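A short write-up of the structure that comes next.
Bear in mind that the values in this text are calculations on the coordinates, not laboratory data. Just so you know, these numbers come straight off a predicted model, no measurement behind them. As a convention, Cβ positions derive from the backbone with ideal geometry for all residues, glycine included, and neighbour counts pool all protein chains shown.
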């Protein structure tokens, strides 16, 4: 009979002694035995010709030739010297079987000792307060020195119309692009004419305008003219004033421009997604009678957003935001527009802001502040008398929108007053 025919076991107290009887395998030295403590898994059975392993030793000792023992050693193990190639292979098989069972029992003191003796790497020593400060300061300085960082694409640029029989015509194509928010960080953007914010539309009260929309988005859309008191059928709200503009279709809006002021245009179909991805822009209406308008040297539109692209000013995140530049003694008009879903208190260092209008309507009496709270959908117009030279921080004062351990980011820019 080939293989191991059976495993003979005998017990002495808490020690299990077993001797292997081999068929055609090479003879095992007389008196050799296996012994151990603790239960082990069973492999096969005597009946089917496999080895039934019950106990295995913690170590193996090979008896010397002609060595005899009056009593069976509890740690002795079967050893045989193969005399033929076939015998060598069979001995190797038996050794592998024993090793596998030992591993299954967890009775591998050598491996266990190796694990116990392997030293774990000690944790690095903590930085001293000064070293930690140096590390953080270096990150802050690196970001600040990068401002204003150059990126691809610039939104909020004036869109010049073409004239058709006295009508100012503006063409807008809604499409998906990759938009660079800050150096090296691009994100999918849904845009009008490929930029965020969309091109700025600037007209005069009483103008006749036509806006042609072509939809190249993967879903339907529409344009709402936020703050403009247009005829109902031009309001751009799907299933209330119009049907959605399907992918591949076009739609035309046409009306006479009503109320003057700082207004916006944006999607009003699945708008939480579409506006958050960039379908938004400024729609500025100059008054026909400019007698009551303040005279300014710089007129700057600042659009806030906090959608899919994070915290942005005019479609960029610091240090890629654009600084506002004025000369000493000039008057600056800032038109704030919040296209996001959060409140943003905009704080200017060094000079106060004089609030002159809200949502396009003049304030009954101008008032002053250095921090102006701008809620979603709101537009605020302020005047800054640039009488304090220098580079002045200008940011949202909900600080997690503007700064972290790694330095400034998001809703941060600067007002530079040049001498």
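Please work out the FRET efficiency for the pair residue 272 and residue 367, using the Cβ-Cβ distance as r and a Förster radius of 51 Å; give the result to the nearest 0.05. It comes out at approximately 0.95.
Between residue 137 and residue 208, the C-beta separation translates, for a Förster distance of 45 Å, into a calculated FRET efficiency of about 0.20. Taking the fewest neighbouring Cβ atoms within 10 Å as the starting point, the ordered list for 239, 409 is 239, 409. With only Cα atoms counted, region 378-419 has Rg and Dmax values of 12.7, 33 Å. Beta bridges per DSSP, both residues in region 152-289: antiparallel share near 70 percent.
Spacing of the modelled spin labels on residue 325 and residue 130, each 7 Å from Cα toward Cβ, amounts to 4.1 nm. Its Kirkwood hydrodynamic radius, worked out from the mean inverse distance over all distinct Cα pairs, puts region 115-273 at 19.4 Å.
With all projection directions averaged, the alpha carbon convex hull of region 196-314 covers 7.8 nm². Extending 7 Å from the Cα toward the beta-carbon at both residue 286 and residue 246 defines two label points whose distance is 4.2 nm. Estimated translational diffusion coefficient (Stokes-Einstein, Kirkwood radius over Cα pairs, 25 °C, 0.890 mPa s) of region 261-358: 162 µm² per second.
In which sequence would 164, 180, 378 go, from the one with the fewest C-beta neighbours within 10 Å to the one with the most? Intermediate results must be reported in sequence, preceding the final value.
Working: 164 10, 180 21, 378 17.
Result, fewest neighbours first: 164, 378, 180.
Arranged from fewest to most other beta-carbon atoms within 10 Å of their beta carbon, 207, 370 become 370, 207. Just check region 278-419 against the gyration tensor rule for me: Cα atoms, a ≥ b ≥ c as the square roots of the eigenvalues, rounded for a/c under 1.5, and otherwise prolate or oblate depending on whether a/b exceeds b/c. Note, shape of region 278-419 comes out oblate.
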